[in-house]
Amino acid sequence: MTNDMMNLRALMEKSPDADFLREMIGYGAQRLMELEVGGVTGAAHGEKNPERLVQRNGYRDRDWETRAGTVELRIPKLRKGSYFPFFLEPRRLVEKALTAVIQEAYIHGISTRSVDDLVQAMGMSGISKSQVSRLCEDIDVRVKAFLDRPIEGDWPYLWIDATYMKARDNGRVVSKAVIVAVGANTDGRREVLGMAVGPSEAETFWTDFLRGLARRGLRGVKLVISDSHEGIKAAVSKVMNATWQRCRVHFMRNVMAHAGKSGRRVVSAFMSAAFAQDDATAASAQWRRVADQLRPKLPKLAGLLDDAETDVLAYMTFPAAHRAKLHSTNPIERINGEIKRRTEVVGIFPNEAAIVRLVGAILLEQNDEFCVQRSRYLSLESVAGLSDNPAVSLPILAS
């Protein structure tokens, strides 16, 4: 005890006023830990005692954030079991809060350098890139549970699309395809149903993705909306017993490219007339008239219309109240735009796991927004007839 008092007196004499409180806290915390470990091991530090319960095994460094500043602690380690000082228990809440802030910043597309500045602005010491990555690994648990959750009920409409991001793969920087699926169920609600990362949009990749959705319980799909990628078309025909809708927006871009500058306005007016029809029969008849009018001067464009008629007008066989939301991939394009915005600052991802972590967290956040929306994406009355469940799809009796 005399030596301890001498050390404390020496500390008080040599420490500046600004550092005195922090040094006092560190000194007291270290003494408390030594006393605690002495009780756990049955012997003080350096003491030889035949009744010793366990041996010490060095120290591990840890920074303790206090109101007086950062205190550097040396926490004793044991050869068997573990030791954690009791006075650090409250810090777990602080750590959780700090982790939540870092995770939130990461999810919203803030770079690791900016996260470091953010942590320092909160009064904490800086944080390295490796620490950011380690803290963000906690997101993986929530993302995996979200992406692997069971899919329940009928989902008559399914939107699927892909975007690309750069990642490192065996020392090279390559483009990775990130595919996302969004569905609308017979309750009129939307949900993000799945996400996967792969080397490209090959048919096998899309097939495995759709089969994964089916294994998780996806059923009752009536219409799949996507762009005209051949891999998607082949996978949908192989896995889904559903109609395929070619995105009308993507198709019109192809049409305008064939029309030329001088004919774009006329062709656009012709196509709008076909899309404005009330039913599938009238739309198909107008489509053929447009193709016949264009055939003499623009035979390639007329041939494009002939080949795409069934796929582009597939949505016309579904309820009129749904058509504005079915003719294109716009619902999922908005999600892809948000993904691009938030991942832009990352630039090159270190691996596929990092892509899944960040994009999965963004999709989880988007899905939560879908769930709390007060209004349904589709009305119950309009979507009830699409259900495979007879109890749901019974006709509504007139009052």
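The values are calculated or read from the model by the stated rules, or taken from the named source; none is laboratory data. Because the structure is a prediction, the values reported are computed rather than measured. Don't worry about glycine lacking a Cβ; one is built from the backbone with ideal geometry, like all the others, and counts go over all protein chains shown. Accessible surface areas use protein heavy atoms only, side chains included; no ligands, DNA or RNA. Shrake-Rupley method; radii C 1.70, N 1.55, O 1.52, S 1.80 Å.
Structure notes:
- Simple spin-label estimate for Asn330 and Asp278 gives 2.3 nm between the two label positions (7 Å along the Cα-to-Cβ direction from each Cα).
- With R₀ set to 30 Å, the beta-carbon distance separating Ile348 from Asp117 gives a calculated FRET efficiency near 0.90.
- Under-5 Å amide H pairs with Gln245, H placed in peptide plane, nonlocal only: Val224, Ile225, Ser226
- Per-residue HN-Hα couplings for the stretch 174-179 [Karplus 6.51, -1.76, 1.60; θ = phi - 60°; Hz; x = Gly/Pro]: 10, 8, 10, 7, 10, 9
- Across the stretch 132-232, the relative contact order, built from alpha-carbon pairs under 8 Å that are at least six residues apart, equals 32 percent.
- Solvent-accessible surface (1.4 angstrom probe) belonging to Glu23, in square angstrom, nearest 10: 80 Å²
- Take the Cβ atoms of Arg341 and Met24, set R0 to 56 Å, and the FRET efficiency comes out at 0.70.
- Peptides 27-34, 177-184, 341-348 ordered by average Cβ neighbours within 10 Å, highest first: 177-184, 27-34, 341-348
- Listed residue pairs exceeding 21 Å between alpha carbons, taken from Lys238/Lys300; Lys48/Lys77; Lys144/Lys176: Lys238/Lys300
- In the stretch 164-203, the portion of solvent-accessible area held by carbon and sulfur atoms comes to 42 percent [1.4 Å probe, whole percent, DNA, RNA and ligands not counted].
- Segments 357-367, 285-295, 54-64 sorted - mean Cβ within 10 Å per residue, highest first: 357-367, 285-295, 54-64
- Accessible-area composition of the stretch 206-255, carbon plus sulfur, in percent [1.4 Å probe]: 43 percent
- For the stretch 206-249, accessible area per residue (1.4 Å probe, heavy atoms of protein chains only), Å²: 42 Å²
- In this label model, Glu152 and Phe370 are separated by 1.6 nm, measuring between points 7 Å along each Cα→Cβ vector.
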